[in-house]
Amino acid sequence: MDVIELIRNLVLITAGLLSIYKDLTQIREKRNEKKKKRSNKKRK
């Protein structure tokens, strides 16, 4: 394997992991919003 190929693979892997991480954080935020809405209903 060439150094260029290795670097290219590393960049692809890091980009993939970053996109997955962003998706996970977005899902977590949506769940937190739902929980907040439920807790607000309970207070009333």
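Computed values, structure above
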read-out: Cβ pairs under 9 Å, 6+ apart, first in segment 18-41 and surrounded by 10 or more Cβ atoms within 10 Å (Cβ to Cβ), second at pLDDT below 95 and not in a helix (DSSP H, G or I); value: none
read-out: Flag if Val11 is among the β-branched types (Val, Ile, Thr) and surrounded by fewer than 10 Cβ atoms within 10 Å (Cβ to Cβ); value: no
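The values are calculated or read from the model by the stated rules, or taken from the named source; none is laboratory data. Note that the structure is predicted; figures quoted are calculated from it, not measured. FYI the Cβ positions are ideal-geometry reconstructions off the backbone, even for glycines, and counts take in every protein chain you see.
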